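Inspection log for the structure reproduced underneath, given as structure tokens.
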Amino acid sequence: MTDLTCLNPFHSEDENALFGMGNPLLDISAVVDKDFLDKYGLKPNDQILAEDKHKAMFDEIAKKSKVEYHAGGSTQNSVKIAQWMIQTPHKVATFFGCIGTDHFGEILKQKAEEAHVDARYYQQTQEPTGTCAACITGDNRSLVANLAAANCYNKEKHLDLDGNWELVEKAKVYYIAGFFLTVSPESILKVAKHASENNKIFSLNLSAPFISQFFKEAMMKVMPYVDILFGNETEAATFAKEQGFEETDDIAEIARRAQSLPKVNKKRQRVVVFTQGKDDTVATIGEKVTMFSVLDIDQNDIVDTNGAGDAFVGGFLSELVQERTLEECIRAGHYAANVIIRRAGCTFPEKPDFP
């Protein structure tokens with residue numbers, strides 16, 4: 001068994017032990033008809049960023065009879081799932097991000113509270129709260145994301161404030177999805193350096209191929225502080241190509257190369273974890289690359305794979321803050337992903353059944 005306790009000498013009952021920062025979105029899902037999709041030029045099964053023509057859609061979908069709201073966005077999903085896996089105490093997870101001073105922002109605060117996440121949002125008046133509409137027709141989901149306020153996070157007006165920075169200092173494990181590199185790389189660097197200087201765990205997700213391609217400079221400024229790097233096989237391949245690795249089709253070799261990139265805190269060797277959907281998860285620790293098989297699932301039981309990556313990270317982090325081994329962290333990640341893909345959206349039952 002690979003012991004990660006050296007990563008993490010503290011007690012799991014600590015509130016605010018896990019810190020996440022990212023783009024908070026209010027997930028709004030409702031069943032719509034073909035006319036609704038046509039009206040806004042949407043495909044039945046797609047993921048797009050909102051354009052001006054979609055802006056009115058968010059209010060319209062919110063008026064549907066059976067509308068559901070959830071606290072969303074990649075990092076917030078992961079810390080929410082970590083909190084769900086841990087159950088008690090509440091508020092083990094802290095989350096920072098930017099929202100508006102509007103009705104959707106109030107719903108988002110309420111939903112984060114219901115998930116027992118200690119969400120400390122930076123609220124501003126320029127942009128409305130970020131939203132992601134899931135327009136459901138039969139088995140199809142058309143996702144339209146409007147980042148809006150999520151793009152407006154301000155380090156000086158939020159992260160640097162004493163009361164907020166104290167929560168950063170209180171944490172032992174940090175997780176930020178690569179998407180936030182497009183918003184506030186200076187905030188990520190400040191948190192990453194704090195973790196490194198205090199021998200705490202900083203983790204980053206590659207998040208999407210375009211991050212490695214178009215935000216390479218910002219990502220590589222943070223990489224020397226990354227203790228755990230997450231990604232999936234597509235993101236890993238793009239990362240390898242952008243970094244000029246020779247072997248870009250061998251995921252174990254990519255993981256090994258990513259592990260050996262320069263690192264500031266020499267007390268910890270970087271751990272790289274790449275998921276591959278239904279195929280084995282690849283992880284490095286020490287000098288070895290190990291494959292971990294995922295849980296079997298009948299294809300007919302899969303409802304929605306969109307939240308699988310966020311869920312894997314959430315499960316992993318839930319065990320990491322409790323000083324479990326790498327094997328246990330990955331097992332919890334696989335369990336959480338297996339639960340989430342059986343349901344629409346990044347949602348979960350009241351309690352986990354994780355032994």
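General observations
- For the stretch 66-144: rounded, prolate or oblate by the Cα gyration tensor [a/c cutoff 1.5]: oblate
- When the chain is treated as a GNM with alpha-carbon contacts under 10 Å, the residue of Phe19, Phe245, Phe316 showing the greatest mean-square fluctuation is Phe245.
- A Cβ-based charge dipole, computed about the Cα centre of the stretch 123-250 with Lys and Arg at +1 and Asp and Glu at -1, lands at about 420 debye.
- Accessible-area composition of the chain, carbon plus sulfur, in percent [1.4 Å probe]: 48
- Each of Val271, Ala332, Leu320 was scored by the projection of its Cα onto the charge dipole of the stretch 259-355, and the greatest displacement toward the positive side belongs to Val271; charges sit on the C-beta of Lys, Arg, Asp and Glu.
- Residue-normalised accessible area of the stretch 60-107, expressed per residue, 1.4 Å probe, Å²: 36
- Taking Tyr175, Tyr153, Tyr69 as the candidate residues, the one with maximal mean-square fluctuation in a Gaussian network model of the chain, Cα springs under 10 Å, is Tyr69.
- Springs between Cα atoms under 10 Å define the GNM used for the chain, and in it the highest mean-square fluctuation of Asp14, Asp304, Asp296 occurs at Asp296.
- Euclidean distance of C-alpha centroids, the stretch 320-347 and the stretch 94-125, integer Å: 24
- For the listed residue pairs Lys63/Lys190; Lys155/Lys288; Lys288/Lys351; Lys109/Lys157; Lys91/Lys157, the alpha carbons are over 29 angstrom apart in Lys63/Lys190; Lys155/Lys288; Lys288/Lys351.
- Accessible area per residue for the stretch 115-178 is 39 Å², calculated with a 1.4 Å probe on protein heavy atoms, without ligands, DNA or RNA.
- The stretch 35-52-the stretch 201-257 distance, computed between alpha-carbon centres (Å): 31
- Farthest towards the positive end of the charge dipole of the chain, among the residues Ala208, Ala133, Tyr69, is the Cα of Ala208, using unit charges on the Cβ of Lys, Arg, Asp and Glu.
- Expected 222 nm ellipticity per residue - DSSP helices of 4 or more, -39500 (n - 2.57), all of the chain, to 500: -10000 deg cm²/dmol
- Exposed trypsin sites (Lys or Arg not before Pro) absent: longest stretch of the chain, with sites in DSSP loops and at most 11 other Cβ within 10 Å deemed exposed: 67-265
- Taking all Cα pairs closer than 8 Å and separated by 6 or more residues, the relative contact order of the chain comes to 19 percent.
- Selected from Ser196, Leu181, Ile297, residue furthest toward positive end of dipole (the chain; charges at beta carbon): Ser196
- For Lys216, the aspartates and glutamates whose Cα falls under 13 Å of its own Cα, not counting residues fewer than eight places away in the same chain, are Glu235, Glu242.
- By DSSP, the beta bridges lying fully in the chain are antiparallel in about 35 percent of cases.
- Cβ-defined net charge surrounding Met223, 13 Å radius [Lys, Arg +1; Asp, Glu -1]: +3
The values are calculated or read from the model by the stated rules, or taken from the named source; none is laboratory data. Bear in mind that the values here come from a model prediction, so they are computed numbers and not experimental data. Cβ atoms come from the backbone with ideal geometry, glycine included; neighbour counts cover every protein chain shown. SASA here: full protein model, heavy atoms, side chains in, ligands and nucleic acids out. Shrake-Rupley method; radii C 1.70, N 1.55, O 1.52, S 1.80 Å.
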